Amino acid sequence: MQNHPLPRLDETPELRAALLKHCRLQPGDVWQDPMGRHRVGCLDASYSEEVVRLMNGRSATLAIHDPPYNLAAFERRSVSEFVDWCCKWVSNTDSVLGPDASLYVWMGADQTEGFQPLPDFMVMMRETNFRPRSFITMRNQRGYGTQKNWMAVRQELLYYVKGSPAFNVEAEYTNIPKILRGYYKEVNGAVTENLERSKSENIRAGNVWVDIQQVFYRMEENVNGCYAQKPLKSCERIICASSNPGDVIIDFFAHSGSTLLAAEILGRCCVTTDIDPLYCEITIRRLERFRRTRKTGWQNSNPFASEIAQDPELRRFLTGEDTQKDVAPVTNRQQQPLQQQLLFT
Ligand SMILES: C[S@@+](CC[C@H](N)C(=O)[O-])C[C@H]1O[C@@H](n2cnc3c(N)ncnc32)[C@H](O)[C@@H]1O
């Protein structure tokens, strides 16, 4: 089957329209995993009644949320409107988490606009039932380049808890060996070096994660068509640290379904939602494909490859190829972003 990499699906209205008819969820629908573990809703996370329906009576021990950050990928709002919106889904999260639970939120800071919305979100969180535990930075390998400033390579992750949830410290260890010697300390009368005292030969991730590869097109886990995919390794670290096998995890902004897939791999149940039927479909297909093939994404392919192979209209959107003589070719303006994408393969 020929490879047709997908462009960002939120920015290509014609392609979106053509793909929507292949999505099994409509707004308001919920998909129940036939194996009884996960649920995927096409629901708005800020509506409490929709979240209650999504949960279907289940309560969760961990929430991992990655909302749109009030930047380009989102219908732009004022900072206070954005924070009011966040307040709603945080409150919905609180109501479906058990008494001892953890909440992780990825949140961006726009350095060209007062670093919004990260600090505004943090201040809002002080009025909730959640207590802050850590402020983690994950380092991206690539950033948006500039010759006049430090290259932006950080992603911020806020960690909150309510009650006293478990924290499994083994999850903190990276594959990076400890190389620093020194830091001598007397223990029971004997002077010991730090490597003798430590529990592992590897360093702990701490609150600056430098060991996680940002997802890019050559990785197996890459999902063509998604623009904000988090690495599975980051989901797995959070899940291992803050949940136990069999626990229910929620993610209100599914997108490529990374949290759901990590939950599947680690024996947890995931209840997730996305407001966009296209991303709900991708999330479900990613799980189904993993169960069939053990592949975690679509390197050299895409989630709608079989529909594209059968549908000349879809192929025409992606390649500009004139598959039907009586159909007018797409204009240069329409083709350009798609062809730019093809260059990256
Ligand atoms: C930054 S992406 C999440 C990325 C995800 N963590 C991943 O690894 O693929 C944000 C997602 O939130 C969805 N979204 C935006 N507003 C929403 C809402 N009110 N309720 C549910 N989902 C929403 C968008 O469609 C988008 O797919």
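The values are calculated or read from the model by the stated rules, or taken from the named source; none is laboratory data. The structure displayed is predicted, hence computed values, not measured ones. Note that we place each Cβ from the backbone using ideal geometry, even for glycine, and neighbour counts take in every protein chain shown.
Among the residues in segment 91-98, are any farther than 28 Å from Arg204 by Cα and either touching a His at 6+ places or on another chain (Cβ under 9 Å) or part of a loop (DSSP other than H, G, I, E, B) (or both)? Checked against the condition, which is being farther than 28 Å from Arg204 by Cα and either touching a His at 6+ places or on another chain (Cβ under 9 Å) or part of a loop (DSSP other than H, G, I, E, B) (or both), segment 91-98 yields at least one hit.
Does segment 232-239 contain any residue that is buried (at least 21 other Cβ atoms within 10 Å of the Cβ) and away from the ligand (no atom under 14 Å from the Cβ)? Within segment 232-239, not a single residue is buried (at least 21 other Cβ atoms within 10 Å of the Cβ) and away from the ligand (no atom under 14 Å from the Cβ).
With a requirement of 3 or more residues that are under 17 Å from the mean Cα position of the chain (by Cα) and within 16 Å of the ligand (Cβ to nearest atom), the helices (runs of 4 or more DSSP H) lying completely within segment 247-328 that satisfy it span 258-265, 277-293. For beta carbons closer than 9 Å, sequence separation of 6+ or different chains, a first residue in segment 99-114 that is without any contact (Cβ under 8 Å) to a residue 24 or more places away in the chain and a second that is part of a strand (DSSP E or B), there are no qualifying pairs. Here Ser80, Ser46 are screened, and the one residue that is of a type in the set (S, T, N, Q), within 27 Å of Gln116 (Cβ to Cβ) and assigned to a loop (DSSP other than H, G, I, E, B) is Ser46.
Quick grid of which residues meet (1) modelled with pLDDT of 95 or more; (2) closer than 23 Å to Ala254 by Cβ:
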| site | (1), (2) |
| --- | --- |
| Asn70 | no, yes |
| Ser78 | no, no |
| Cys86 | yes, yes |
| Trp89 | yes, yes |
| Ala101 | yes, yes |
| Tyr104 | yes, yes |
| Thr112 | no, no |
| Pro119 | yes, no |
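Can you pull out the residues in segment 17-32 that are surrounded by fewer than 18 Cβ atoms within 10 Å (Cβ to Cβ), touching a strand residue (DSSP E or B) at 6+ places or on another chain (Cβ under 9 Å) and in a loop (DSSP other than H, G, I, E, B)? Listed by number, the residues that qualify are Arg24, Gly28, Asp29. Against the list (1) closer than 30 Å to Ser91 by Cα; (2) out of contact with any Pro (no Cβ under 7 Å at 6 or more places or on another chain); (3) surrounded by fewer than 16 Cβ atoms within 10 Å (Cβ to Cβ), the condition Ser256 fails is (3).
State which residue is surrounded by the most Cβ atoms within 10 Å (Cβ to Cβ) when the search covers only segment 207-231 and only residues that are touching a Lys or Arg at 6+ places or on another chain (Cβ under 9 Å) and of a type in the set (Phe, Trp, Tyr). Taking the candidates together, the pick is Trp209. Here Arg131 clears all of (1) out of contact with any Leu (no Cβ under 9 Å at 6 or more places or on another chain); (2) free of Cβ contacts under 8 Å to residues at least 40 places away in the same chain; (3) crowded, with 18+ Cβ neighbours inside 10 Å except the condition numbered (3). Ser242 falls short on exactly one of the conditions (1) hydroxyl-bearing (Ser, Thr, Tyr); (2) within 17 Å of His38 (Cα to Cα); (3) over 12 Å from the mean Cα position of the chain (by Cα), and that condition is (2).
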